[in-house]
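Please treat every number below as a calculation from the coordinates, not as lab data. Remember, predicted model here, so these are calculated numbers, not experimental data. Neighbour counts are summed over all protein chains in view; Cβ atoms, including those assigned to glycine, are modelled from backbone coordinates with ideal geometry.
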Amino acid sequence: MTKMMKAVRLHRFGGPDVLQYEDAPRPTISSDEVLVRVHAASLNPPDLYLRDGYRALPPEWRPSSTFPFILGTDVSGVVAAVGERVSGFRAGDEVYAMVRFPEDLMHGSSAYAQYVSVPASQLALKPLGIDHTQAAGAPMSLLTAWQFLVDLGHDAPNPFQTFRHTPVSLDGKTVLVNGAGGGVGHLAVQIAKWKGARVIAVASGKHGALLGDLGADVFIDYSKVAAETVVKDVDLVLDAVGGANMERFLNVIRPGGALFLVNPLGFAGHTKAVERKITVSTTQVRSNGAQLAKAGRLLDDGTIRVVIDSTYPLAEASAAHQRASSGGIQGKVVLLVS
């Protein structure tokens with residue numbers, strides 16, 4: 001008899017109202033996987049894009065998904081069972097992970113559920129110094145900041161460019177983080193400070209006090225002044241926002257500096273970047289348990305922290321998606337799984 005669980009499933013693409021809280025089969029695990037009893041799962045932009053059918057992408061890039069499926073990548077919970085070839089984890093361990101990303105990018109990684117199967121290589125012990133809510137908020141945002149700024153950690157082909165993304169030295173450098181109040185941005189600010197950088201944080205005014213607490217040396221409220229009109233000669237810009245006119249940041253970077261784009265789609269400044277000897281680079285974040293273990297030490301000792309915008313019961317995932325889609329998020333939106 002198939003064991004069941006509660007999960008949030010998608011039966012068609014659409015707005016937040018298409019998310020259905022219902023019974024679903026509990027996953028089974030292979031010999032290299034771990035079954036995790038989920039305590040919390042966080043929302044990330046790919047969840048919103050997939051729920052909507054990736055309508056912002058060209059038609060040929062959109063998913064052809066088999067319904068129903070379960071959204072979500074980021075989890076924190078407790079090991080319920082381990083495959084016979086798994087040696088690094090055992091039942092009862094508290095763990096966290098970004099599950100099967102980007103390999104399940106187009107059909108859901110099944111984190112919005114009471115149980116999820118996770119490849120052991122993508123799992124790490126949860127830092128003891130934080131709770132499941134904070135740990136669930138970390139994986140995708142933390143790995144994105146880590147792989148952009150510290151260590152790429154893999155040799156997989158880069159879907160966005162022909163060359164390998166390579167982090168740059170930050171010690172003693174000036175780094176501007178655009179979108180500093182969001183999930184990736186607020187962690188990038190803290191990691192850049194940890195690596196010895198002077199950090200300029202760009203976000204809306206309501207994030208100013210928080211970003212000062214997180215270590216930003218300078219805060220710019222983009223609703224009052226355009227960063228590119230008041231900043232110059234920075235060594236690196238990390239743009240965690242994307243969208244129109246990313247090229248404007250080339251004007252604030254010194255020759256020989258770099259522009260890292262978390263969402264590069266639509267960037268049109270490559271010619272100008274070459275002229276100004278600025279490296280423009282991006283990468284696709286990838287699941288990596290070993291990196292979560294390393295970065296987790298910084299969460300454990302308080303060097304960096306995950307800011308939680310809001311929490312919702314798993315059954316109210318549609319309301320959580322409405323919140324995440326409303327803009328002005330400070331940190332992460334997290335689902336609590338009973």
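For the range 1-85, the gyration tensor built on C-alpha atoms gives a prolate shape. Its axis ratio a/c (a ≥ b ≥ c) is at least 1.5, and a/b is the larger of a/b and b/c. Using the average count of surrounding beta-carbon atoms within 10 Å as a protection proxy, the listed peptides 210-217, 183-190 rank, highest first, as 183-190, 210-217.
With Cβ to Cβ distances under 15 Å as the rule, what net charge do the other residues near T73 carry (K, R +1; D, E -1)? Don't jump to the answer; show the numbers that get you there.
Working: positive: R51, R100, R286, K332; negative: D47, D74, E103, D104.
With Lys, Arg at +1 and Asp, Glu at -1, the neighbours total 0.
Summing Cβ point charges (Lys, Arg +1; Asp, Glu -1) relative to the Cα centre of the range 157-281 gives a dipole of roughly 160 debye. Please identify the longest segment of the chain free of exposed trypsin sites (Lys or Arg not before Pro), where exposed means a DSSP state other than H, G, I, E or B and no more than 16 other Cβ atoms within 10 Å. Excluding the exposed sites themselves, the longest stretch runs over 91-163.
DSSP finds beta bridges in the chain, and of those with both partners inside it, around 55 percent are antiparallel. When the C-alpha to C-alpha distance is required to be over 27 Å, the pairs from K126/K173; K232/K332; K193/K277; K173/K272 that qualify are K126/K173; K232/K332. With 0.36 nm allotted per residue and the present C-alpha distance subtracted, the D301-K224 stretch has 24.2 nm of extension available.
For the range 157-281, the convex hull spanned by the alpha carbon atoms encloses 101 Å³ per residue. Our estimate of slack between Q20 and T2, defined as 0.36 nm per intervening residue step minus the Cα-Cα distance, is 4.5 nm.
Given +1 on the Cβ of Lys and Arg, -1 on the Cβ of Asp and Glu, and no further charges, what dipole in debye does the chain carry about its Cα centre, rounded to the nearest 20?
On the way: 32 positive and 31 negative charges, 59 e Å.
Magnitude of the dipole: close to 280 debye.
Across G208, G77, G269, mean-square fluctuation computed from a Gaussian network of the chain (C-alpha pairs under 10 Å connected) peaks at G269. Note on the chain: GNM, Cα springs under 10 Å; of G181, G129, G137, the largest mean-square fluctuation is that of G129. The GNM of the chain, with springs linking C-alpha atoms under 10 angstrom apart, assigns the highest mean-square fluctuation among H11, H107, H165 to H11. According to the calculation over all Cα-Cα pairs in the chain, the P(r) per 10 Å bin from zero is 6, 26, 34, 24, 8, 1, 0 %. The modelled label-to-label distance for the pair D32/W61, using points 7 Å beyond Cα in the direction of Cβ, is 2.8 nm. Residue separation of A290 and F163 scaled by 0.36 nm, minus their Cα-Cα distance, works out to 43.4 nm of gained length.
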